Each structure stands twice: as structure tokens, then as C-alpha cells.
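Student: Would you mind keeping the following structure in view while I ask a few things?
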Amino acid sequence: MPDSWIDLPQDTEFGLATLPYGVFSTDGGGATRLGTAIGAHVLDLGAAARAVGSPHADLLGAPNLDALLAAGRPVWDRVRADLADWLTDPAHEAAVRPHLVDRASVRLHLPFTVADYVDFYASEHHATNVGRIFRPDQAPLTPNWKHLPIGYHGRSGTIVVSGTDIVRPTGQRKPPTEPTPVFGPSARLDIEAEVGFVVGTPSPMGERVAVDGFADHVFGVFLLNDWSSRDLQAWEYVPLGPFLGKSFATSVSPWVVPLAALESARVEQPAQDPEPLPYLRGTGPWGLDLRLEVRLNGHVVSRPPFSQMYWTAAQQLAHMTVNGASLRTGDVYASGTVSGPEVEQRGCLLELTWSGREPLRLPDGTERTFLEDGDEVTITATAPGPDGSLVHFGEVSGRILPAG
């Protein structure tokens, strides 16, 4: 790819390999606008598109990503190619440069209208650790785990953009020492470092989406923290699964990285044994070499490798629709906690502290089993891009406030 006419340091967070989409406003408020992060700037896409006479000016002048998501793969590819051209061809500099905004000065918003939300459980390392913690005398994986991507439908209305404070949830919990449940703030508040995917092209009810249809339906990828109350969850989840222990908040990063930016990050997933049923098989690899980093109060506590995920996002999409369930523009689905085989690669405190029995010691001398009020968690990630470049995902962060 040619160099940009923008001065981009070699270690810039958002280079030409990424070109993520987000929604921003300026002056502390006002109307939201669609933007692309490039170096230390945000490019106002609607204004730039009008300035160069783009046929997609109306689409890019929308207040969020909804219309672009719904436009489909040919338009996504055309717009991305146009963006690269605007930012590299000196002939466009005079028209485009006035519409660069200092990234440090903008407010970022939820980038699209969330439709449905599904959370999966796709890391064999995470599922095995959780099984060993909760069922020490049984096989760690349930009999169905290697036959299908296990998931559940979550609450879309509490998906919030990075930087939103998280109020400690309150509910019923039953400590092992108590004969009956008590009501109060969660004492075992946790994180789940995950990767999210957003659907652009919908599908009608009754129609399945094949594994190989993944790239035609999924627009892009972002970071996700599915905050989890382990004590509320432990009391409520039998027999129907996650509910109040998960539904209070899910944080997402403000920048959506187009799937097209991740071609160089595609890798083979771990070997699957037994071989999945035919509807879960595809012709190309959709493992992704994303490298996550989790910080608690600024200190790195984990580096989960997404390339180790047993079930891919393409298989998850196929499974979501195999029963005829429709896809809607703005549907979000998440990978589930990303964990690797090593202790320092575990993507939640439940695993990192082995359910509180092995506290984390932070550099300031304090210890954590689960999150305390005032704690801030930040998740970042990178992936390999073309020609040795890096694709950056920005961050998803949140700070814990006391229960209301």
C-alpha cells in the first residue's frame, strides 16, 4: 500500500492497515458523525466524502454505522478502497485534510444500533478450567462441548461503549456457608476478555448461513468485556443458564475493525476432534491471530491468544442460524472468554485466581481475587497486518462504581 500524505509514525496506533470505523462528536456534544481513525486523527467521513464527490456521501454522512452495515459486502469493500485512496493519493489531500479532527478531542459513542446479542463459550482452555473449578470430580467439558458451539442469548440493551462506568450489580447470592440466599451487592465481580462480531447483511427467517457465508454477513470485529457476577451467576444458572449475573453490562470498544483488515491474521484453528457435523465445516481458515492484553488498574494481568479458540466466528454464525433463526443488521455475537493454555493467558479473574483461592498480587502490593470498587479494567489487542504492519483494535475499558 502507498504511504499516506498524513505524517504517520511507524508505531502509530491506527495506520492504513486498520482504518476502523467509529462514531464521534465534538465540542462535548452535538450531532454524532461517522469517522475513521487514522494516526492521531479521526477523519469525518461524511464531510470528506462530500468534498471528493463520493457516490457514498449519503451513506457516510449518516449519524452511525447502521446504513453502512446494511449496505453489504460489495459496498464495504468499495468504501474501504476509497478511504485508502483518499488518504494516500496526494491529489485528494487538499479536499480531505480539512476534515481531519484531533482524535484526543472527540467523544466516542456506541458505533451502531445493537439488535440481538449472543455470547458463546468457545475457548477449550477456558471451558476446561471452569469445569475443573466447578466440577472437580467430573469431566471438565460437558458431553456436547466439542460437537457444537455452546452459547446463550444475552441482553442487548445493556451493551455500552468503552469508558462507561459499571455499577456493581445487586441480586441474590447464596454463599456456601449460608442455608438460604441473601440479597446484596455482588462480592465476586469479574471480567471476561472477549472478541465481538457485528452482523451487517441480514438473513431471512428460515434460511441458514453456511460457514463459508461468514464474510458476506459479518462486517467487522471489536473488543468486548462481558462483565460477570460470579456469585449471582452461581446461584441462578441451574437449570436455565446465565441471566442477572451477566445482563447488567457488556462493554464494547468504540472502533469496529472491518473484517477485510484481518486477511493477514487468518490462521488455522486448533484441530477439532471429533470432526464437526457437515454444517460446521468450511473451505477456508477462520481462526484469527488476535493478541489480547488485559490490564487491571494499569497493570498487565493477562495476554490471551485468540488463535487458540476452538470454535471460530464463522462456525458460530453457522450454528446461530442452522435452526432457521434470522440475522438482523446490528446483531452482535461474542466469542466467549479468550484463554490460552498458560496461567498468564487466562481471560477472567475466575481462572486467574482459581475462583479466589490464588489471589493476584499487583505491583503496588495489593491483591485481588475479584474486582473492587474503583478498579478499572482495560483490554487491548493487535493482529498482524499486511507487509509486517499491525492492526490495532483500540481499547475497551470500564471502571467499577459502588452498588446503587
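The values are calculated or read from the model by the stated rules, or taken from the named source; none is laboratory data. It should be emphasised that the depicted structure is a prediction, and the values quoted were computed from it without experimental measurement. A quick note on method: Cβ atoms are made from the backbone with ideal geometry, for glycine too, and the neighbour counts reach across all protein chains shown. For accessibility, only protein heavy atoms count, side chains too; no ligands or nucleic acids. Shrake-Rupley method; radii C 1.70, N 1.55, O 1.52, S 1.80 Å.
Conditions (1) open to solvent by less than 30 Å² (accessible area, probe 1.4 Å); (2) under 21 Å from the mean Cα position of the chain (by Cα); (3) polar (S, T, N, Q), marked per residue:
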site	(1), (2), (3)
Val199	yes, yes, no
Ser228	yes, yes, yes
Ala234	no, no, no
Asp273	no, no, no
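Student: Might you check whether a residue that is open to solvent by less than 60 Å² (accessible area, probe 1.4 Å) and of a type in the set (D, E, K, R) occurs anywhere in segment 125-143?
Tutor: No, segment 125-143 contains no residue that is open to solvent by less than 60 Å² (accessible area, probe 1.4 Å) and of a type in the set (D, E, K, R).
Student: Using beta carbons and a limit of 6 Å, which pairs, at least six apart or on different chains, have the first residue in segment 11-27 and within 12 Å of Leu87 (Cβ to Cβ) and the second one in a strand (DSSP E or B) and open to solvent by 20 Å² or more (accessible area, probe 1.4 Å)?
Tutor: Every condition considered, the pairs that remain are Phe14/His392; Thr18/His392.
Residues checked against (1) of a type in the set (A, V, I, L, M); (2) under 23 Å from the mean Cα position of the chain (by Cα); (3) modelled with pLDDT of 95 or more; (4) crowded, with 19+ Cβ neighbours inside 10 Å:
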residue: Leu327; (1), (2), (3), (4): yes, yes, yes, yes
residue: Tyr333; (1), (2), (3), (4): no, yes, yes, yes
residue: Val338; (1), (2), (3), (4): yes, yes, yes, yes
residue: Glu358; (1), (2), (3), (4): no, no, yes, no
residue: Arg361; (1), (2), (3), (4): no, no, yes, no
residue: Glu367; (1), (2), (3), (4): no, no, yes, no
residue: Phe370; (1), (2), (3), (4): no, yes, yes, yes
residue: Glu376; (1), (2), (3), (4): no, yes, yes, no
residue: Gly388; (1), (2), (3), (4): no, no, no, no
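Student: Considering only segment 238-246, I want to know if a residue exists there that is touching a residue at least 40 places away in the same chain (Cβ under 8 Å), open to solvent by less than 30 Å² (accessible area, probe 1.4 Å) and of a type in the set (Lys, Arg). Give the steps one after another, and end with the answer.
Tutor: The first filter runs over segment 238-246 and keeps only residues touching a residue at least 40 places away in the same chain (Cβ under 8 Å), leaving 241-242, 244-246.
Checking the rest, the ones that are also open to solvent by less than 30 Å² (accessible area, probe 1.4 Å) come to 241, 245-246.
In the following step, the residues that additionally are of a type in the set (Lys, Arg) were identified as 246.
Yes, there is a match, as at least one residue in segment 238-246 is touching a residue at least 40 places away in the same chain (Cβ under 8 Å), open to solvent by less than 30 Å² (accessible area, probe 1.4 Å) and of a type in the set (Lys, Arg).
Student: Which residue pairs have Cβ atoms under 7 Å apart, sit 6 or more places apart or on different chains, and have a first residue in segment 36-60 that is under 16 Å from Arg103 (Cβ atoms) and of a type in the set (Val, Ile, Thr) and a second that is in a helix (DSSP H, G or I) and open to solvent by 40 Å² or more (accessible area, probe 1.4 Å)?
Tutor: Val42/Arg103
Student: Return yes or no: is Asp11 among the acidic types (Asp, Glu) and either surrounded by 16 or more Cβ atoms within 10 Å (Cβ to Cβ) or modelled with pLDDT under 95 (or both)?
Tutor: In short, yes.
Student: With respect to Gly282, determine if the residue is open to solvent by 40 Å² or more (accessible area, probe 1.4 Å), closer than 25 Å to Trp76 by Cα and of a type in the set (Gly, Ala, Ser).
Tutor: yes
Student: Name, by its number, the condition in (1) farther than 14 Å from Val195 by Cβ; (2) in contact (Cβ under 8 Å) with a residue 60 or more places away in the chain that does not hold for Val396.
Tutor: (1)
Student: Also, I was wondering about something else. Of all residues in segment 171-180, how many are closer than 21 Å to Trp227 by Cβ and either assigned to a loop (DSSP other than H, G, I, E, B) or open to solvent by less than 60 Å² (accessible area, probe 1.4 Å) (or both)? Give the derivation first.
Tutor: Step one: list which residues in segment 171-180 are closer than 21 Å to Trp227 by Cβ, which gives 171-175.
With the extra rule that they be either assigned to a loop (DSSP other than H, G, I, E, B) or open to solvent by less than 60 Å² (accessible area, probe 1.4 Å) (or both), the set shrinks to 171, 173-175.
So the count comes out to 4.
Student: Of all residues in segment 181-197, count the ones that are closer than 20 Å to Asp119 by Cβ and open to solvent by less than 20 Å² (accessible area, probe 1.4 Å).
Tutor: 10
Student: Separate question: Open to solvent by less than 30 Å² (accessible area, probe 1.4 Å) and in a helix (DSSP H, G or I): is that true of Val79 in this structure? Break it down stepwise before answering.
Tutor: Values: open to solvent by less than 30 Å² (accessible area, probe 1.4 Å): yes; in a helix (DSSP H, G or I): yes.
Here the answer is yes, as Val79 does meet what is asked.
Student: Being touching a Phe, Trp or Tyr at 6+ places or on another chain (Cβ under 8 Å) and within 22 Å of Gly330 (Cα to Cα) is the filter here; which residues of segment 226-241 pass it?
Tutor: Result: Trp227, single match.
Student: Then there is this: Name the residue, out of Pro98, Pro74, Pro111, that is farther than 21 Å from Leu224 by Cβ and either touching a residue at least 24 places away in the same chain (Cβ under 8 Å) or surrounded by 15 or more Cβ atoms within 10 Å (Cβ to Cβ) (or both).
Tutor: Result: Pro98 is the single residue among Pro98, Pro74, Pro111 that is farther than 21 Å from Leu224 by Cβ and either touching a residue at least 24 places away in the same chain (Cβ under 8 Å) or surrounded by 15 or more Cβ atoms within 10 Å (Cβ to Cβ) (or both).
Student: Being under 19 Å from Pro254 (Cβ atoms), part of a loop (DSSP other than H, G, I, E, B) and open to solvent by 10 Å² or more (accessible area, probe 1.4 Å) is the filter here; which residues of segment 32-60 pass it?
Tutor: Result: Ala40, single match.
Student: Within segment 201-220, take every residue that is at negative phi and in a loop (DSSP other than H, G, I, E, B) and give me the one that is surrounded by the most Cβ atoms within 10 Å (Cβ to Cβ).
Tutor: Result: Val209.
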